[in-house]
Amino acid sequence: MDTSATESVRAYIETTGHRLQADGCEVTTEDWGGLPVLVGYRADFKMRWMATKLHLFTVAAPTTLITESAIEEFTDSAFDYVLARKGQLRGMQTGVAVFPALVGTQIEPRALAWARQKQHVRFAAAARPVVVDARTGNAVAFRGTPLLGLVYSAHLRRKLAAYFPAA
């Protein structure tokens, strides 16, 4: 990766960290097998969500090339991570959501299509993968309204727009 690409990826992730902090998230950087990964966390409770609490994680990692398989694998890793952290809390009155984001400078069109396609769901948990082109600031993700998890959909769209604005 050239220096300017490295700088743009690092700058985007740093800016994302500031956005998360400004929204009241706890923000840390963790080592995922030698890769520095930004992790943001917040929990919200709303009566209109049928009196449930939603634990929202944002996990952003730097890379050079984002392929469809890379974003799929990162989404699975992020799902496993958040479910291990909040696994016992999921269920009747608690949900978990994650924005797994890969930030790079070379993006394959199939990765964009995969991220835009749908929300991914596991029991009482949802993921909305994000593919970010650090050169342009464009963030691609599913921004629609799914049937499963409908009650949290507007909240997730607002948070996604705040943390990863579409360019």
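Each value in this text was obtained by applying a stated rule to the coordinates, not by laboratory testing. Being a predicted model, the structure only gives us computed values, none of them experimental.
Data overview
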quantity: Stokes-Einstein translational diffusion, segment 3-163 - Kirkwood Rh over all Cα pairs, 0.890 mPa s, 25 °C, in µm²/s; calculated: 157 µm²/s
quantity: Gain on full stretching of the segment that runs from Lys53 to Arg158 - 0.36 nm per residue minus C-alpha separation; calculated: 36.1 nm
quantity: Reach of Lys53 by Cα under 16 Å, taken over aspartates and glutamates that are not fewer than 8 positions away in the same chain; calculated: Asp44
